[in-house]
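What follows is a short report on a single structure.
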Amino acid sequence: MQNRIEDRALAADLTAIYANQHVRVLGIVSRTLRPEDRAAYVDDLAQDVWLMAWQYLLRGNTIDSPSGLLAVLARRRVYAHYRSARVRREQVVEAAALERVCAELAAVA
């Protein structure tokens with residue numbers, strides 16, 4: 001029962017923060033993304049920021065400066081997005097290179 005009350009209090013805290021900071025989070029994510037990626041990723045990455053904030057609260061932390069914490073979380077989420085995109089892109093390039101080498105070897109054999 002105590003956990004439910006605590007969770008409700010955390011949810012109320014995050015709801016209040018969301019009401020005041022949602023537009024700011026969208027702006028930070030939008031400015032941090034590349035212009036060509038804004039239309040596709042702003043809403044998804046901003047939603048991830050709110051999930052990260054919720055998880056932060058559930059770990060027992062308090063949010064003393066919502067604007068500062070959310071700015072850090074927003075930038076970190078965008079940077080993580082581009083790191084994972086680079087890894088996916090490198091894997092695709094490596095697969096294409098492997099197929100090309102195999103085709104060249106097959107042509108020689």
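Values in this text are rule-based calculations from the coordinates and carry no lab data. Everything numeric in this text was worked out from a predicted model, so none of it was measured. Positions of Cβ are backbone-derived with ideal geometry, glycine not excepted, and every protein chain shown enters the neighbour counts.
Set the Förster distance to 30 Å, then compute FRET efficiency between residue 47 and residue 101 from the Cβ-Cβ distance, nearest 0.05.
Computed FRET efficiency for residue 47 and residue 101 comes out at 0.15.
What does the convex hull of the alpha-carbon atoms of segment 2-78 project to on average, in nm²?
4.9 nm²
How high is the relative contact order of the chain, in percent, with contacts defined as C-alpha pairs under 8 Å that are six or more residues apart? Display every interim value, and only then the final one.
Details: 46 pairs, mean separation 31.3, N = 109.
The normalised contact order for the chain reaches 29 percent.
For segment 2-78, with only Lys/Arg (+1) and Asp/Glu (-1) charged at the beta-carbon, what is the dipole magnitude about the Cα centre, in debye rounded to 20?
Working: 10 positive and 9 negative charges, 36 e Å.
Rounded to the nearest 20 debye, it is 180 debye.
Return the calculated 222 nm mean residue ellipticity for the chain, to the nearest 500 deg cm²/dmol, obtained by summing -39500 (n - 2.57) across DSSP H runs with n ≥ 4 and dividing by the residue count. Mind showing how you got there, number by number?
Details: 3 runs with 95 residues, N = 109.
Using -39500 (n - 2.57) per qualifying helix, the result is -31500 deg cm²/dmol.
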